[in-house]
Structures are given as C-alpha cells and as structure tokens.
Amino acid sequence: MSKMTFKDIQNRFVEQLKAPEKFVDEPWLDEIEARRLAVYQRLLRNNIFRFIDSAFPVLKKLAAETQWTETKERFFRTFSSQSPYFTGIAASFVEYLQSHNELFIFAAELAYYEWAELAVEQKSWPENYINPAEALESDSLIALNPTAIISSYQYPVDEISTEFQPQEALPEPRFLIVFRDSNDKVRFIRINAMTFLLLTELQNRESIQLNSLLELLPELLPQWPIDQLQQGAGQTLNRLAGQQLILKVKN
C-alpha cells in the first residue's frame, strides 16, 4: 500500500468521523486517541444537526423526533459538502432528500422551499438599480430582482403546517418566488403560469426594455389575444415592480 499523503489522511479522518465503524482496522488511527476522535465526531455531528434543525424548522416540526434524528444520521454518514458554510450544508441536505426521502411525499419540495429563504439572504443586492417604487414606462430598462428564486412545485409548500400536510400532488403546478427587498426583508409571492413564463424569460436576460419584453409574449403564449396579453402583463410587471421583484436598471 502506498504511503498516504497529508490530504489523504485529512479526508479519511473526516470520513472516519462520519462512520467510525468502517475504519476500525485503519493503522493510521493508532496515532490518534480514541477519546479525542469521539470528541471530534460528536462536535461535527452536533454542529451539522443544529444547522439542519435551524434551516428546516417546518420540516423538523412535522417529523416525529426519532424519524427526524434518523434522517439526519443517514445524511451525516453520506454527505460530502464542498462548502463549510451553513447554506452549503442546507443545500446538501435538500439534495439528499431529493434522492433519499423517507419522511413525507412533499419533504424534498418543502425542504427546497425552506432552503430558498436562506439562499436569498446570502445573495448580493446590486447598486445599479433605480428606486423600484417608480412606475415603469414602455422604454424602461428592467431586470428581475437578482436575489429572486423562482420555482415550480407539485405540492402546496407555502401552506404546509402542523394542521395541513397534503397527501397527494396538486392537479397543476404551483409557482412561487422567494426574494429579498431593498430593506433586506425576505418576501414570498405566489404567481400564475403566465407570470412564471414571463419572469423566467426575464431571468434569462441581464436586462431588457419593458416594451421589448412585452413583444415576446405572443411567441411565449400564442393562444392568448395579443392586446389582452400585453395589457395584463404590463399591469403585472408594474405591480411586481412596486413589490421590488422587478427593478429598473440605470442606463
């Protein structure tokens, strides 16, 4: 067996902390006190468990205590986060539930919805925007609030609580946006399918003039009368600008 590098030992050490029973015969462990390893393992485990509890309060409240602890234990043994930050651990837990969900049928989506609130708090609010409260003009250069996370859900994650847990998926997708305003307040908005398409198109662009965006609508929604579609979309965008989801860009 080739000699292990320091990096190899570091990686094996972390893996040993997560699953000590897999490494009982490792010779390099002889140099580390078992008691010290147990302390490190307990600290790592407890910190990650606290992160998860803080990040997913609704999911934690819905799950039975034993069930919740077992889920965290399984995650702890398998995850390999590339980020030491709180949101990185939370994102890894969401990914874990997407492929190892043993809680509820809606658990992965609810976890993602709760994670989104954390994620938008970490996003930067750029400086090249005019007061979003101003009314939009046809030639206004606009952009989607860069903190926004737009998502489609099969379950009504914004309604789930101890009093309500859905037992089946919705007949139609639910479109929800999580974003942060200029006062650093996290906000939540439910939108319809037309607005979802409109904002997704806007999100794919750094910025665009309002009238140019409205001219794209017949291609996105050909089944709607053009005049009615553009009028309704213009009103929606102005309303969302008042909520700071749509921002005017400085020329």
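The values are calculated or read from the model by the stated rules, or taken from the named source; none is laboratory data. Everything quoted here is computed from the prediction, not taken from an experiment. Counting neighbours? That spans all protein chains shown, and the Cβs are built from the backbone with ideal geometry, glycine included.
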How many residues are closer than 25 Å to Asn145 by Cβ and either in the same structural domain as Ala107 (by TED's automatic domain parsing) or surrounded by 15 or more Cβ atoms within 10 Å (Cβ to Cβ) (or both) if we restrict to the range 162-184? 8
Could you figure out which of (1) within 22 Å of Ile208 (Cα to Cα); (2) in a helix (DSSP H, G or I) isn't true of Glu117? (1)
Got a sec? Which of Thr200, Thr147, Thr236 is touching a residue at least 24 places away in the same chain (Cβ under 8 Å), of a type outside the set (D, E, K, R), assigned to a helix (DSSP H, G or I) and more than 20 Å from Ala135 (Cα to Cα)? Thr200
Across the range 203-219, which residue is farthest from Tyr129 (Cα to Cα) among those that are among the charged types (D, E, K, R) and under 25 Å from the mean Cα position of the chain (by Cα)? Arg205
Hey, can you tell me all the residues within the range 220-251 that are over 30 Å from the mean Cα position of the chain (by Cα) and farther than 18 Å from Ala143 by Cα? Pro222, Gln223, Trp224, Pro225, Ile226, Asp227, Gln228, Leu229, Gln231
Report whether or not Ser138 is touching a Leu at 6+ places or on another chain (Cβ under 7 Å), at pLDDT below 95 and among the small types (Gly, Ala, Ser). yes
In the range 209-219, what residues are farther than 14 Å from Leu141 by Cα and either surrounded by 14 or more Cβ atoms within 10 Å (Cβ to Cβ) or not assigned by TED's automatic domain parsing to the domain that holds Ile142 (or both)? Leu216, Leu217, Pro218
